[in-house]
Amino acid sequence: MKSTTLLGLGASVFLPCLAFGQKEAKQQTPNVIFIYADDLGYGDLQCYDGTRVETPNVNKLASTGIRFQNAHATASTSTPSRYSMLTGEYAWRKAGTDIAAGNAGMIIRPERYTIADMFKNSGYATAAIGKWHLGLGDKDGEQDWNAPLPTALGDLGFDYSYIMAATADRVPCVFIENGCVANYDPSAPIEVSYKAPFEGEPLGKDHPELLYNLKHSHGHDMAIVNGIGRIGYMKGGGKALWKDENIADSITTHAIDFIKQHKDNPFFMYFATNDVHVPRFPHERFRGKNPMGLRGDAIVQFDWSVGQIVDALEKLGLRENTLIILSSDNGPVLDDGYDDQAEELAGDHKPGGPLRGGKYSAFEAGTRIPAIVNWPDRIKKSQVSDVLVSQIDWFRSMAELIGATLPKGAAPDSYNRLGNWLGTDKTDRPWVIEQANDHTLSVRTKDWKYIESSDGPSMIQFGPKIETGYQKAPALYDMRKVNEQENEAEAHPEIVYRLQEILKDVRNRHYKL
Ligand code: NG6
Ligand code: CA
């Protein structure tokens, strides 16, 4: 079934015809790996002018592939960004897609056609490894973590999954492998609540002396696991509890195992790292190699994971025909709730590069993210691209790549922009839509950015020192001037009107690119 699909569709587009009688030696469509970092900002990588941390493995992908300078996530936080990317539907269309608790029920419902379904139906082996943050089980708060979860990633097209339910700062602090707690410890049954603490379990807010690995700066003062306070309450776990310092090793090992197991057939792997999200507690061997403390160390650890995956591909002879897309779910934050000195030690490192704002915000650093595409078989020349692109289009671009036909209604907001992503088409996406933490939407064109009005505060209120970009009146920024300093809405009412019309049409689903 697999080979028929692969030979029959799409694949031929990219390959020289085989001479008659020549044995087909090589898999035709590429393996596809999404390396999706967490909270990695536009200016965090060395190849994006990050000056205080070395990222040789990512640099190499960039210098032998395409490095995008105008690529956008759909939202400035994790859950909506991931929801949109995996479903091809803007998260703001769907209630319940904001930053999810660790005991959220499955946010992408099983009947939804995901990008993993698409790869699977085209004969690919599929895997999700690392951070999930899109809910598990049928209903919020009703999971039994001691039994197989009735609704998990297998229902969304992933043959294999080894994931963290939400984030490292949210309970449950265990890996879930194919819907069951990995290394389950029957002597320590797991209970999770986001409402009330469990009797007898010490909390971070009352027991600072137990926070021997990291102290919190705001929030994160509930359950204590591995000497670190978390969001949410948890009991049990025993041997299954993760050690934060081993998370990168653990997910990278599972990713490499998956690659090895599928070296002879096409695979799609969504490799979502915990780096550089809080709590930042990288392994000892990545520490102290940069002047920025734990946040810098987490970037070094991320780079290491990337290097391990590339090495594994090389050793298995898969490197040439594997398409890697490396990016981030949203922009950067320094202090996101732990006393890791990210702010104090940043020095002149600008995690958002020259862009204004950061994680959570409507300003550009919230959603303009690093994006690197590397596929040795097809991308021969190193390129730096200024083409306007959005992660919402990965879905239909990948469909084009592998010749998949999507069912009606699938990926409604995604467009095939494969040419952009492979560097053959330099036409900008006419616009991209970006969502801030309070659901304020922006329309970004090559030259302009319109941020709709919002009643929200001008600074994030729950800890991080980040400008939100929320303003009572609509804002218009000339993006040729880079950093959104001067609201030009009054000077250019016709442009404001044009961008408002785009937003209205997109909201009403009356648009076409
Ligand atoms: C916030 C957390 C923050 C982080 C974020 C989600 C507090 C005070 N802050 O609510 O630490 O977990 O949610 O980040 O709890 S994201 O990258 O997964 O969207
Ligand atoms: Ca994130």
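Please go through the stretch 268-289 and pick out each residue that is surrounded by 19 or more Cβ atoms within 10 Å (Cβ to Cβ) and either away from ligand 2 (no atom under 16 Å from the Cβ) or among the charged types (D, E, K, R) (or both). Before you say what the answer is, go through the steps one by one.
Taking the stretch 268-289 as the starting set, the residues that turn out to be surrounded by 19 or more Cβ atoms within 10 Å (Cβ to Cβ) are 268-282, 286.
Across the stretch 268-289, the qualifying residues are Phe268, Met269, Asp275, Arg280, Phe281, Pro282, Phe286.
Could you list, in sequence order, the residues of the stretch 348-385 that are of a type in the set (Asp, Glu) and surrounded by fewer than 18 Cβ atoms within 10 Å (Cβ to Cβ)?
Within the stretch 348-385, the subset of a type in the set (Asp, Glu) is 348, 364, 377.
Passing the criteria: Asp348, Asp377.
Taking the stretch 411-453, which residues are closer than 21 Å to Ala491 by Cα and among the β-branched types (Val, Ile, Thr)?
Val443, Thr445, Ile451
The conditions are (1) under 23 Å from Asn437 (Cβ atoms); (2) surrounded by 24 or more Cβ atoms within 10 Å (Cβ to Cβ), and Val389 fails exactly one of them. Which is it?
That leaves (2) as the condition not met.
Please list, ordered by first then second residue, the pairs with beta carbon atoms under 8 Å, 6 or more apart or interchain, first in the stretch 329-341 and among the hydroxyl-bearing types (Ser, Thr, Tyr), second crowded, with 23+ Cβ neighbours inside 10 Å and part of a loop (DSSP other than H, G, I, E, B).
Tyr338/Asp169; Tyr338/His220; Tyr338/Val278; Tyr338/Pro279; Tyr338/Arg280
Residue check, Asp335 against (1) within 16 Å of ligand 1 (Cβ to nearest atom); (2) in contact with a Phe, Trp or Tyr (Cβ under 6 Å, 6 or more places away or on another chain); (3) not small (Gly, Ala, Ser), all met but one. Which one?
(2)
Among the candidates Ile402, Ile372, Ile392, Ile466, single out the residue that is at pLDDT 95 or above, more than 20 Å from Ala489 (Cβ to Cβ) and within 16 Å of ligand 1 (Cβ to nearest atom).
Numbers: Ile402 fails: within 16 Å of ligand 1 (Cβ to nearest atom); Ile372 fails: within 16 Å of ligand 1 (Cβ to nearest atom); Ile392 fails: within 16 Å of ligand 1 (Cβ to nearest atom).
Result: Ile466 is the single residue among Ile402, Ile372, Ile392, Ile466 that is at pLDDT 95 or above, more than 20 Å from Ala489 (Cβ to Cβ) and within 16 Å of ligand 1 (Cβ to nearest atom).
For Phe268, state whether it is more than 16 Å from ligand 1 (Cβ to nearest atom), more than 28 Å from Pro351 (Cα to Cα) and assigned to a helix (DSSP H, G or I).
Numbers: more than 16 Å from ligand 1 (Cβ to nearest atom): yes; more than 28 Å from Pro351 (Cα to Cα): yes; assigned to a helix (DSSP H, G or I): no.
Taking the combined requirement at face value, the residue does not satisfy it.
In the stretch 63-82, which residues are within 16 Å of ligand 1 (Cβ to nearest atom) and part of a loop (DSSP other than H, G, I, E, B)?
Ala73, Thr74, Ser76, Thr77
Please work out which residue is surrounded by the most Cβ atoms within 10 Å (Cβ to Cβ), limiting yourself to the stretch 314-328 and to residues that are without any contact (Cβ under 8 Å) to a residue 60 or more places away in the chain and not acidic (Asp, Glu). So that I can check it myself, show each step before the final result.
Quick first cut of the stretch 314-328, residues without any contact (Cβ under 8 Å) to a residue 60 or more places away in the chain only: 314-317, 319-320.
Then drop every residue that is not not acidic (Asp, Glu), which leaves 315-317, 319.
Working: Lys315: 13, Leu316: 15, Gly317: 10, Arg319: 18.
So the residue we want is Arg319.
Counting only residues that are without any contact (Cβ under 8 Å) to a residue 12 or more places away in the chain and charged (D, E, K, R), which one in the stretch 478-501 is surrounded by the most Cβ atoms within 10 Å (Cβ to Cβ)?
Checked the stretch 478-501; the qualifying residue surrounded by the most Cβ atoms within 10 Å (Cβ to Cβ) is Arg498.
Please verify whether the stretch 258-267 includes one or more residues that are surrounded by fewer than 24 Cβ atoms within 10 Å (Cβ to Cβ) and touching a helix residue (DSSP H, G or I) at 6+ places or on another chain (Cβ under 6 Å).
yes
Name the residue that is nearest to ligand 2 (Cβ to nearest atom), counting only residues in the stretch 125-184 that are within 17 Å of the chain's Cα centre (by Cα) and on the phi > 0 side of the Ramachandran plot.
For the stretch 125-184, the residue satisfying everything is His133.
Would you check if there is a residue in the stretch 405-419 being of a type outside the set (Val, Ile, Thr), within 16 Å of ligand 1 (Cβ to nearest atom) and under 24 Å from the mean Cα position of the chain (by Cα)? Let's see the steps before the verdict.
To start, the set of residues in the stretch 405-419 that are of a type outside the set (Val, Ile, Thr) comprises 406-419.
Right, trim to within 16 Å of ligand 1 (Cβ to nearest atom) and you get none.
Checked the stretch 405-419: no residue is of a type outside the set (Val, Ile, Thr), within 16 Å of ligand 1 (Cβ to nearest atom) and under 24 Å from the mean Cα position of the chain (by Cα).
Suppose we filter the stretch 40-62 for residues that are assigned to a loop (DSSP other than H, G, I, E, B) and at pLDDT 95 or above; how many remain?
Initially, the stretch 40-62 is screened for residues assigned to a loop (DSSP other than H, G, I, E, B), giving 40-45, 49-55.
Filter once more, keeping what is at pLDDT 95 or above: 40-45, 49-50, 52-55.
Residues in the stretch 40-62 being assigned to a loop (DSSP other than H, G, I, E, B) and at pLDDT 95 or above: 12 in total.
For the stretch 384-417, which positions are in a helix (DSSP H, G or I), within 20 Å of Ser328 (Cα to Cα) and either of a type in the set (S, T, N, Q) or in contact with a Leu (Cβ under 6 Å, 6 or more places away or on another chain) (or both)?
Gln391, Ser397
Against the definition (over 22 Å from Lys408 (Cα atoms) and within 16 Å of ligand 2 (Cβ to nearest atom)), how does Leu61 come out, yes or no?
It is false that Leu61 is over 22 Å from Lys408 (Cα atoms) and within 16 Å of ligand 2 (Cβ to nearest atom).
Quick check on Asp264: is it at negative phi, among the acidic types (Asp, Glu) and within 24 Å of the chain's Cα centre (by Cα)? Working first, answer last.
Details: at negative phi: yes; among the acidic types (Asp, Glu): yes; within 24 Å of the chain's Cα centre (by Cα): no.
So Asp264 fails the test.
Is at least one residue of the stretch 302-318 modelled with pLDDT of 95 or more, within 16 Å of ligand 1 (Cβ to nearest atom), part of a loop (DSSP other than H, G, I, E, B) and not charged (D, E, K, R)? Quick ask: steps written out before the conclusion?
Going residue by residue through the stretch 302-318, those that are modelled with pLDDT of 95 or more are 302-318.
Among the residues that remain, those that are also within 16 Å of ligand 1 (Cβ to nearest atom) are: 302.
Subset that is part of a loop (DSSP other than H, G, I, E, B): none.
No, the conditions are met nowhere in the stretch 302-318.
Taking Gly357, is it within 19 Å of Arg295 (Cβ to Cβ) and within 19 Å of the chain's Cα centre (by Cα)?
Considered against the rule, which asks whether it is within 19 Å of Arg295 (Cβ to Cβ) and within 19 Å of the chain's Cα centre (by Cα), Gly357 comes out as yes.
Pairs under 6 Å by beta carbon, first residue under 13 Å from Leu401 (Cβ atoms) in the stretch 108-130, partner at pLDDT 95 or above and part of a strand (DSSP E or B), six or more apart or different chains?
Phe119/Thr126; Phe119/Phe268; Tyr124/Phe267; Tyr124/Phe268
Taking Leu86, is it hydrophobic (A, V, I, L, M, F, W, C), in a loop (DSSP other than H, G, I, E, B) and either crowded, with 21+ Cβ neighbours inside 10 Å or away from ligand 1 (no atom under 16 Å from the Cβ) (or both)?
Working: hydrophobic (A, V, I, L, M, F, W, C): yes; in a loop (DSSP other than H, G, I, E, B): no; either crowded, with 21+ Cβ neighbours inside 10 Å or away from ligand 1 (no atom under 16 Å from the Cβ) (or both): yes.
Spelling it out, it is not the case that Leu86 is hydrophobic (A, V, I, L, M, F, W, C), in a loop (DSSP other than H, G, I, E, B) and either crowded, with 21+ Cβ neighbours inside 10 Å or away from ligand 1 (no atom under 16 Å from the Cβ) (or both).
Any residue that is under 22 Å from Gly88 (Cβ atoms) and of a type in the set (Ser, Thr, Tyr) - is there at least one of those in the stretch 460-479? First the steps, then the outcome.
From the stretch 460-479, those under 22 Å from Gly88 (Cβ atoms) are none; that's our starting set.
Looking through the stretch 460-479, none of the residues is under 22 Å from Gly88 (Cβ atoms) and of a type in the set (Ser, Thr, Tyr).
The values are calculated or read from the model by the stated rules, or taken from the named source; none is laboratory data. This one's a predicted model, so the numbers in the text were calculated from it and none came from an experiment. Cβ sites come from the backbone with ideal geometry, for glycine too, and all protein chains shown count toward neighbours.
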